[in-house]
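Quick note: the coordinates plus some simple rules give every number you see, no bench work behind them. Model, not experiment: these values are computed from the prediction. So basically every Cβ, Gly included, is an ideal-geometry build from the backbone, and we count neighbours across all protein chains shown.
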Amino acid sequence: MPGPPALPLRRFVVTVIMAAIAASAVAAEIPRAERRSGYDLMGRETRAMQDDDTANPGMLFVLDGESLWKKKTGAVKGVAARYPAFDAREGRPIDLEQRINRCRVDRQQAPALAWESRDLLALTAYVARQSRGLPIDVTIDARTQPFLDAGRAAFHRRQGQINLSCSQCHDDLWGRKLAGSVIPQAHPTGYPIYRLEWQSLGSLQRRLRNCLIGTRAEAYEFGAPELVDLELYLMWRAQGMKLESPGVRP
Amino acid sequence: MALAVLVFMAAMSGAGRAEDAIEQPLTGARGDAARGRAIVTNRSVGLCLLCHSGPFPEERFQGNLAPDLKGAGSRSSEGQLRLRIVDPARINPATIMPAYHQIEGLTRVAPAYRGKPILTAEQIEDVVAFLTTLKD
């Protein structure tokens, strides 16, 4: 008997199902209370190595950085927790490495250091160490919001030949295993990190490029604005979490 | 959620089984199971063990993002396995499993891989031939 309602009802059911599928494709952000540093997902030995300054290989870089640091003004405490930060001259956020290079060029008339050079890593590690234990506190305002939005969009964009987004691994599948590696939540709390696989200290940008290469996507060049936008998004996503630099990672 | 997808898929494919399988080999001929096994267990060629585990005792690092491949040949027909490798999104629109024969509709592919599928048609046939041997 009730013939006519059948079509609208079916359309309604299909719409609901389509909406459910769309929603499942867009990953939910990790609730604040469930955020975990990569540190919490590591084995006991790697955590012990990070915790013990005499065993943490990153501390050698911190000491190098300290001797490279000419003016010991003491003003560096807390700085690392606030970067990337808006830079008026660039008209966009710059990250900690870019800030350090800016100081060298402008104030010390020294040449900019190359990305991933030992000296730039050492200086960054030294500055970041001064913020250990402090909560991440990046500033999001009208000037930085567009860059945060760009970073968020990049994090959720499927890319590369493998066609995966950062979010699919780091929001949806954290704690599970990609081959032998536990997928962390991708919080930038420990950078620069000493990575056992690299046998070296490395920047957050190096880590992000590694993940891009893993999905067989074009990796942005070091210093590319797209990488800084991603760094800003990751810092915002970890807002309030404590810095632990220099981290050790497997 | 998984149920909703199934219901939806069933509703869409009123015609039945032809929709959930690719019956004909991509190359016109069936592949080689031994070569297929080598592809599946090679983490930089097949990539399967990044996500899956399987009956490969010699492989130390296997993923746990996806079902164990043991018994895959009992759970699905040859044609269903072929579709699963070629275009898994037709089975599960939200899947993380890549479409191994896709070259279009991808974003920012690294130059070395641009315009190339993850596996060639011949490699896919080898993988399918191997998967059909994975009976419980």
Requested in this report: Run through the DSSP bridge list for chain A and note the antiparallel percent, rounded to the nearest 5.
Outcome: 75 percent
Query raised in the report: Once the piece of chain linking A:LEU68 and A:GLU197 is laid out straight, how much longer is it, given 0.36 nm per residue of separation minus the C-alpha distance between them?
Result: 43.8 nm
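Counting each DSSP H run of 4 or more residues in chain A as -39500 (n - 2.57), what helix-only mean residue ellipticity at 222 nm follows after dividing by all residues, to the nearest 500 deg cm²/dmol?
On the way: 8 runs with 99 residues, N = 250.
-12500 deg cm²/dmol, from helical runs alone.
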Requested in this report: List the relative contact order of chain A as a percent without decimals, with contacts defined as Cα pairs under 8 Å and 6+ residues apart.
Outcome: 27 percent
Query - Spacing of the two label points (7 Å from each Cα toward its C-beta) at B:THR107 and B:SER44, in nm - result: 2.8 nm
Query raised in the report: Over the protein assembly as shown, one equal point on each Cα, no solvent: what is log10 I(q)/I(0) by the Debye formula at q = 0.06, 0.10, 0.13, 0.15 Å⁻¹?
Result: -0.30, -0.76, -1.10, -1.32
Query raised in the report: Looking at the square roots a ≥ b ≥ c of the eigenvalues of the Cα gyration tensor of chain B, which shape do they give, rounded for a/c under 1.5, prolate if a/b is larger than b/c, or oblate?
Result: rounded
Report summary line: Cα-based Rg and Dmax for region A:57-109, in Å, come out at 12.3, 36
Report summary line: Gyration tensor on Cα atoms of region A:26-86, a ≥ b ≥ c root eigenvalues, a/c under 1.5 rounded, else prolate if a/b beats b/c, else oblate, says oblate
Query raised in the report: Per-residue ellipticity at 222 nm for chain B, helices alone: DSSP H runs ≥ 4 residues times -39500 (n - 2.57), over residue total, nearest 500 deg cm²/dmol?
Result: -9500 deg cm²/dmol
Query raised in the report: Which stretch or stretches of region A:30-61 have amide N atoms under 17 Å from the point lying 7 Å from A:LYS242's Cα along the Cα→Cβ direction?
Result: A:33-42, A:47-53
Query raised in the report: If you take the square roots of the eigenvalues of the alpha-carbon gyration tensor of region A:34-249 and sort them as a ≥ b ≥ c, do you get rounded (a/c under 1.5), prolate (a/b over b/c) or oblate?
Result: oblate
